[in-house]
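Every read-out reported here was derived from the displayed coordinates using simple, explicitly stated rules and does not represent laboratory data. Just so it is clear, the model here is predicted, and its values are computed rather than measured. So basically every Cβ, Gly included, is an ideal-geometry build from the backbone, and we count neighbours across all protein chains shown.
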Amino acid sequence: MSFKRTLIASSLMILTMVCVSFFSYGEDVSPKKPLSNFPRRIGNWIGKEGHFDQRIYDILRVDDSFLGHYRTVDGHHVQLYIGYFKTQRQGEQIHSPKNCLPGAGWNIVRTSLEDLVIPNTNPGKIRVVKLYLEKGDQRQLVLYWFQSRGRFIHSEYKRKIYLVWDAILKNRTDGSFIRLIAPIDKDEADTTEHITSFAQQLIPIVSEYVPGA
């Protein structure tokens, strides 16, 4: 990362912490429904609830969350994680997977953006981050996005800007993080097809739990 980009990132981080600390004193915004009630069946995917070690939750400091392992009858597997914050004051903000995954030993080989078309919904299409990961002989694809106060956000910088903006104008800093992980068993194209198909079915359901604008 260049010095200029580092300076911009550091400035945004400082601005976010200062503004959120001063302007977010409103009521905490709870999810529409508890994430513990999240569906265990999504299309032809059958899910089973999972749990991280307690030390992970101590680091994440989420107010509500759901971890699910979904499978199809033909053997495809997707891990779903949703983390929800009623408020994001200093020290209680969404963690970027670009920091967490390398800490777990995964090497981010490639980062790109993926457009997902969601028929019969508003906005109809969203852009998410796609990561290609390797650890030893293991390979994974990750899709993730931030869903906060009526917005679908893929950019870390925009997420921080919107957080400050909404803290000042709406007195709200609630937000959520949605992450999908799928092992690459055959090839990347096949895994991409299945993980994006799952995401397209997932997004309207998430909106039933995460507060809008």
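Would you mind working out the magnitude of the charge dipole of the chain relative to its Cα centre, with +1 at each Lys and Arg C-beta and -1 at each Asp and Glu C-beta, to the nearest 20 Debye?
Numbers: 28 positive and 22 negative charges, 115 e Å.
For this selection, approximately 560 debye.
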Rh_Kirkwood(the chain) over Cα pairs, Å, one decimal, evaluates to 18.0 Å
By a straight-distance test (C-alpha under 17 Å), which aspartates and glutamates pair with K33 as possible cross-link partners, with residues fewer than eight away in the same chain excluded? E49, D63, D64, D174, E208
Aspartates and glutamates within cross-link reach of K125: Cα-Cα under 13 Å, excluding same-chain residues under 8 positions apart? E114, D115
Calculated Rg and Dmax of segment 143-208 using C-alpha coordinates, Å: 14.7, 48
Out of L133, V109, Q93 - ranked by how far each Cα lies towards the positive end of the dipole of segment 3-206, with unit charges on the beta-carbon of charged residues - the top one is Q93
Cα to Cα, under 17 Å, and not fewer than 8 places away if on the same chain: which aspartates and glutamates meet these conditions relative to K170? E27, D28
Reduced to Cα centres, the span from segment 145-199 to segment 68-120 in Å works out to 8 Å
